[in-house]
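A quick write-up on the structure given underneath.
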Amino acid sequence: MRLNDYRPYLLCRLKILSTEDKKIRKRFLQKKIIRTKAEERALLNMLKKTQEERFSKKSISELVYNIRIKKYQERLQEIKQELPVLESRDSQS
């Protein structure tokens, strides 16, 4: 048999693989959005906890407080930039 005999089968199979690939990518993207939102919530809780430790309990120094707050805010800023891009890609696919 020649390659042309298998052509319809191969084209059909490629179409199926392409559709499955799109579904997998979309699911991966949705999971990434969920994880990113969960990380954002966790960081906000950690910010609150750090503020409570510094100002209410006075259990951490100003230096430790400033380092933690800076790191948390940097990551939150990255997430705030990343989330709209991910959500936009999700709505397009």
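Have a look at Glu40, Glu20 and point out the one that is farther than 17 Å from Lys71 by Cα and not basic (Lys, Arg). Steps first, please.
Details: Glu40 fails: farther than 17 Å from Lys71 by Cα.
Of Glu40, Glu20, the one residue that is farther than 17 Å from Lys71 by Cα and not basic (Lys, Arg) is Glu20.
Being among the hydrophobic types (A, V, I, L, M, F, W, C) and surrounded by 14 or more Cβ atoms within 10 Å (Cβ to Cβ) is the filter here, so list the residues in the range 61-88 that pass it.
Ile69, Leu76, Ile79, Leu83, Leu86 - these are the residues of the range 61-88 that are among the hydrophobic types (A, V, I, L, M, F, W, C) and surrounded by 14 or more Cβ atoms within 10 Å (Cβ to Cβ).
Out of the range 18-43, which residues are out of contact with any Phe, Trp or Tyr (no Cβ under 6 Å at 6 or more places or on another chain), farther than 17 Å from Val85 by Cβ and open to solvent by less than 80 Å² (accessible area, probe 1.4 Å)?
Start the filter on the range 18-43 by keeping residues that are out of contact with any Phe, Trp or Tyr (no Cβ under 6 Å at 6 or more places or on another chain), which leaves 18-42.
Within this subset, residues satisfying the condition of being farther than 17 Å from Val85 by Cβ are 18-24, 27, 38, 41-42.
Result: Ser18, Thr19, Asp21, Ala38, Ala42.
Would you mind stating whether Gln77 is modelled with pLDDT of 95 or more, closer than 23 Å to Ser93 by Cβ and assigned to a helix (DSSP H, G or I)?
Judged against the criteria, Gln77 is not a match.
Going by the structure shown, is Ile60 part of a helix (DSSP H, G or I) and among the aliphatic types (A, V, I, L, M)? Even if it seems obvious, please write down each step before you answer.
Working: part of a helix (DSSP H, G or I): no; among the aliphatic types (A, V, I, L, M): yes.
The answer is no for Ile60.
The values are calculated or read from the model by the stated rules, or taken from the named source; none is laboratory data. As the structure is a prediction and not an experimental result, all values here were calculated from the model. Note: ideal-geometry Cβ built from the backbone for every residue, glycine included; neighbour counts use all protein chains shown. We work out accessible area using only protein heavy atoms, side chains counted, and drop any ligands, DNA or RNA first. Shrake-Rupley method; radii C 1.70, N 1.55, O 1.52, S 1.80 Å.
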